[in-house]
């Protein structure tokens, strides 16, 4: 008996018992299957954790395929490989995959191993390497569109936060959850969430900026995870211009479309690092008193307060004067110091 399905390149034909021949399966143009693209040799770079795949029309896809899509050295290598080829081999990049979840975070096993060995310089180097990878995406010479779905946690969320546009599945459970294991987000996530919230601050109105910093602090300090892509907007993980896809099967197609839209509307690379006014010691005093009250009320443990203060220290720009203007690199430096 003839097989039910036959493949011809990307086309699938199905057996028609009446016509006694294979007929083309109804086309579904919004469904892109990465495994099919790999089968027809569209994958042009691969390591054990990630691949770069040609989606056509000058768009590449950075696909994670590590265990649980955790972010490790291989994914960082693939990001740098993509950046080296950006603008010559392709004109836009989609960061997406078709695993169970987009990414459950950074590979903490390596860090744990170094921590047990007491190897702080090595931990600092690993955190710096991840920051370099996320910043490479943000300052990429081509538009980068992330296509998150399912669980998008920790380091996975940090990758998404550094992309230029997000095309999220409606079912996106996104959060910076590092405090749950006693760490602070140090792949640029703390810095980026501060920038996101401060960009909403109405400059020149005399409004108090503390509530904006507090929003970032609550999202990180309480390890908040969005219950949907819509809620991710409220938490500051998604911003105006980001879009939602209802059907996950359409996500890669829609992200590719978003990348092409950016190109067609004259997208320009970010040229210089962002700066932000921080609250310094004044903001930190506010956060310390809030943590003290939560500790006294037994809402948080002693250790939660220690981690919370580190998060607050980064978000307020350290022990500086209120209104000090700091750079992204300065905040990344604080992230690493707070992490180690």
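Before moving on, here are some points about what is shown:
- The number of residues in region 102-124 being outside any helix (DSSP H, G or I) and surrounded by fewer than 15 Cβ atoms within 10 Å (Cβ to Cβ) comes to 3.
- Evaluation of residue 67 against the conditions (1) more than 20 Å from residue 12 (Cα to Cα); (2) surrounded by 18 or more Cβ atoms within 10 Å (Cβ to Cβ) shows that the sole unmet condition is (2).
- Enumeration of residues in region 203-230 that are closer than 24 Å to residue 183 by Cα, within 19 Å of the chain's Cα centre (by Cα) and part of a helix (DSSP H, G or I): 215, 216, 217, 218, 219, 220, 221
- Test: residue in region 194-210 that is farther than 24 Å from residue 275 by Cα and touching a helix residue (DSSP H, G or I) at 6+ places or on another chain (Cβ under 9 Å): no
- Counting only helices (runs of 4 or more DSSP H) wholly contained in region 239-325, the ones carrying 3 or more residues that are closer than 30 Å to residue 56 by Cβ occupy 251-264.
- The residue that is farthest from residue 302 (Cα to Cα), counting only those in region 174-196 that are without any contact (Cβ under 8 Å) to a residue 60 or more places away in the chain and surrounded by fewer than 24 Cβ atoms within 10 Å (Cβ to Cβ), is 196.
- Hits in region 73-97 - residues which are part of a loop (DSSP other than H, G, I, E, B) and either closer than 19 Å to residue 165 by Cα or outside the structural domain of residue 147 (by TED's automatic domain parsing) (or both): 87, 91, 96, 97
- Within region 215-240, considering residues that are without any contact (Cβ under 8 Å) to a residue 24 or more places away in the chain and closer than 12 Å to residue 315 by Cβ, the one surrounded by the most Cβ atoms within 10 Å (Cβ to Cβ): 215
The values are calculated or read from the model by the stated rules, or taken from the named source; none is laboratory data. Only a predicted model underlies this, so the values are computations on that prediction, with no experimental measurement involved. In this analysis, Cβ positions are derived from the backbone assuming ideal geometry, glycine residues included, and neighbour counts consider all displayed protein chains.
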